[in-house]
Amino acid sequence: MSETATAKAAQASEAEAHSNRWKALVFIALAQLMVVLDATIVNIALPSAQQDLGISDGNRQWVITAYALAFGGLLLFGGRIADLWGRKRTFVTGLIGFAAASALGGAAQGEATMLGARALQGAFGALLAPAALSLLAVMFTDAKERAKAFGIYGAIAGGGGAVGLILGGFLTEYLNWRWTFFVNIPFAIIAAAGAYFVIREPAGGRNRSPLDIPGVVLSTLGLVSLVYGFTRAESNGWSDSTTIGMFVASAVLLAAFVFVESKVKAPLLPLRVITDRNRGGVYLSLGLAIIAMFGLFLFLTYYLQIVKGYSPVKTGFAFLPMIVGMITGSTQIGARLMTRVPARLLMGPGFLAAAVGMLLLTQLEIGSSYAGLLLPAQLLLGLGMGTAFMPAMSLATLGVEPRDAGVASAMVNTSQQVGGAIGTALLNTIAASATTSYIKDHIAGAAAKPQQQLVQLEGMVHGYTSAIWFAVGILVAAATIAATFVNAGRPDTSSVSGSGEGDGVEDEFKVPVIAH
């Protein structure tokens, strides 16, 4: 074939990839929704599954932990595989594997099968999530289109957990817990078929360097140790010898990982990806925000079901204002303003607005009004998080070389996954300690059984509000980091590559032309 014919073929392929990008977004968004909602959908079904399968109270947490460890530990490896194999192939493989693991979990007849299925879901999720985000990064290079695409993605990434609570409540109450697994199968099949026929990945973005095996081993073991350390801290306490050992092991392994990455020719995670000031600020602030959010989901679910007596379905619907706020903040505020103002002016105020919403929830009492307190607090939280998440997701992958898009995307998911593990463990421990202290101080004055039950409920709510105060501080810290670390200017929308106007800071944020 002549050079002219080859060039024409490449241009035709490029044009096809460009024209299909919005159709591709539908299937990428569907896959992302499946992965995010799976993190919470199983929580509501867990009591029923535990009873059916005879899982002990001591092993119950492993249904959640097995998924978190596999997902969090293998994310960087999954991102590198996406760069090596190609993002479309990795994406479709991840979807098929996730569907098979979900079928295994739904059909489980015993504890071992259930735990194995959850670990497999996490492993295939670690392939799927970075591939999805990096596909967006390489397919949407125009600033305005990128803003819209990441607005949709950000809304799903932020609101998917709450959608999982609603769906989990419905499936558990009206069908049975097995459907919280089986529901993933149609999601995965539709997304895989659509991706196979629609996605045309831009050429030239592969990273065909040899796989960094020491980096894979060190990062996986380091992240697994870190996530397990926080998970164990929640159930066994922070002074438990194994908990401390996990944290020490994690620190040593991750320090060794950074050292190895600075020396090898083809690192798993090129340090240029995380040492960039803007991306580092995004990863850190996003991780902190997720710490606050995951703790809140847990407390509000318990508060609504135990204190207020809501059913699982009603509890799910009670989270709707937060979902509406996230979608509005992401698609109507973040996406519209992202091309007009610097990212820090969306992320900083966004996290602060979420902190104000969280601050309202420190006023929770047994008799608190849903409409008077919970609804406005959730709306503020959702609006703030949606506004902040959207530019954060985009900035985290903006300006990276195409061959690094997978691992840069994996770092976004890693910061979220580790943040979730820390949030659940840290805030739950604070709440439990405050509850115990409150009940100990007040139970002596409650002679009758109804009074004792009231003291226990008051202690529970006191524990939640004590932990929520910490969450407020964490969100303020996230806002401060976003405002000080993230110094990228607004993206140039005059052309894909930028017009050359503006100062040096703005130039950093101009949308790169992907080399083909």
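The mean sequence distance of close C-alpha pairs (under 8 Å, at least 6 residues apart), as a share of the length of segment 212-267, puts its relative contact order at 48 percent. In terms of overall dimensions, the C-alpha atoms belonging to segment 188-327 reach 58, 51, 31 Å along their principal axes, ordered largest to smallest. Checking the cross-link filter: which lysines have an alpha carbon closer than 25 Å to that of residue 449, excluding same-chain neighbours under 8 positions apart? Output for residue 449: 308, 440. Along the positive direction of the dipole of the chain (beta-carbon charges: Lys, Arg +1; Asp, Glu -1; about the Cα centre), which of 291, 257, 364 reaches farthest? It is 257. Its DSSP H runs of at least 4 residues, each contributing -39,500 (n - 2.57), put the calculated 222 nm mean residue ellipticity of the chain at -26000 deg cm²/dmol, to the nearest 500. Here segment 225-268 and segment 329-394 have alpha carbon centers that stand 32 Å from each other.
Taking the Cα centre of the chain as origin, sum charge times position over the Cβ atoms of Lys and Arg (+1) and Asp and Glu (-1), and report the length of that vector in debye to the nearest 20. Before the final figure, lay out the partial values.
Numbers: 32 positive and 28 negative charges, 106 e Å.
Rounded to the nearest 20 debye, it is 500 debye.
Ordering of 46-53, 296-303, 237-244 by packing is 296-303, 46-53, 237-244, highest average first (other Cβ atoms within 10 Å, averaged per residue). Here segment 221-246 is scanned for amide nitrogen atoms under 16 Å from the site 7 Å beyond the Cα of residue 440 along Cα-to-Cβ, giving 237-239.
Residues of segment 29-64 falling in the label zone of residue 311, defined by backbone nitrogen less than 16 Å from a point 7 Å along Cα to beta-carbon, are 45.
Values quoted throughout were computed directly from the atomic coordinates according to the rules given, and no laboratory measurement underlies them. No experiment lies behind these values; they were computed from the predicted model shown. All Cβ positions, glycine included, derive from the backbone under ideal geometry; neighbour counts span all protein chains shown.
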